[in-house]
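Colleague: Structure in structure tokens, see below.
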Amino acid sequence: MHKGIQIGAKPDAGFDDPLAMLKDCHRRIEHFLNIVCLVVDRAANRALSEEETAAVHAALNYFRVGGIRHNADEEQSLFPRMRAAGATDQAGAIDGLEHDHRDAAEMHDKVDALYSTWIATGSLTPAQHEELAAATGKLKQLYTEHIKLEEEVVFPRAAQMLNLETLAAMGEEFRARRA
């Protein structure tokens with residue numbers, strides 16, 4: 001598999017390491033989440049600049065496509081295999097992570113709608129701006145806790161309990177989602 005050169009950055013993991021792919025996706029989530037949080041704070045009471053608009057468009061698009069695919073990778077590929085392998089010690093964590101995905105989707109819809117209004121009209125009412133700031137703040141808190149649980153507890157447990165064949169099958173499912 002050919003990957004582009006990334007100067008000064010660690011190359012992303014490939015389909016042969018699906019758990020590392022999930023972590024790489026977390027870094028992208030954090031990056032794009034920081035954009036929507038920064039812009040709402042920085043651009044209060046004014047129209048977005050071209051640069052801010054482009055950055056917000058990229059972030060919203062990432063969450064519409066990459067974020068949904070990431071959730072599918074976890075909910076359709078990782079979590080069922082952990083349950084099938086007997087990860088009873090992780091059942092509560094996995095259920096909570098799936099609930100987080102649903103909560104985040106609702107907040108993303110709100111953030112997307114409000115940013116789309118801001119971009120289209122050039123402004124938000126003070127109430128809309130407050131709502132957007134609250135939603136991005138809640139997303140930031142949710143993702144901080146969610147990612148920590150996955151990376152410190154769930155993914156290491158998955159690495160212990162899932163064999164190479166299972167991980168390879170997960171990687172192929174990830175690949176198919178991106179085809």
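Colleague: Below 15 Å Cα-Cα, how many Lys pairs turn up in the chain? Only count pairs eight or more apart in sequence, or on different chains, if you could.
Modeller: 5
Colleague: For a footprinting-style exposure proxy, rank Ile119, Ile29 by other Cβ within 10 Å, fewest first. Can you show the working numbers first?
Modeller: Details: Ile119 15, Ile29 21.
Placing the least packed residue first, the sequence is Ile119, Ile29.
Colleague: List the relative contact order of the chain as a percent without decimals, with contacts defined as Cα pairs under 8 Å and 6+ residues apart.
Modeller: Relative contact order, the chain: 38 percent.
Colleague: May I pose another question? Would you calculate a helix-derived [θ] at 222 nm for the chain, using -39,500 (n - 2.57) for each DSSP H run of n ≥ 4 and dividing by the full residue count, to the nearest 500?
Modeller: About -23000 deg cm²/dmol.
Colleague: Still on this structure, please answer the following. Using Cβ contacts closer than 10 Å as the measure, can you line up Cys25, Cys37 from fewest to most?
Modeller: Fewest to most other Cβ atoms nearby, the residues stand as Cys37, Cys25.
Colleague: Just the Cα atoms of region 18-177: what Rg and Dmax do they give in Å?
Modeller: Both quantities, over Cα of region 18-177: 17.5, 54 Å.
Quick note: the coordinates plus some simple rules give every number you see, no bench work behind them. The model shown is predicted, which means the values in this text are computed figures rather than measured ones. Here the Cβ is made from the backbone with ideal geometry for all residues, glycine too, and neighbour counts use every protein chain on show.
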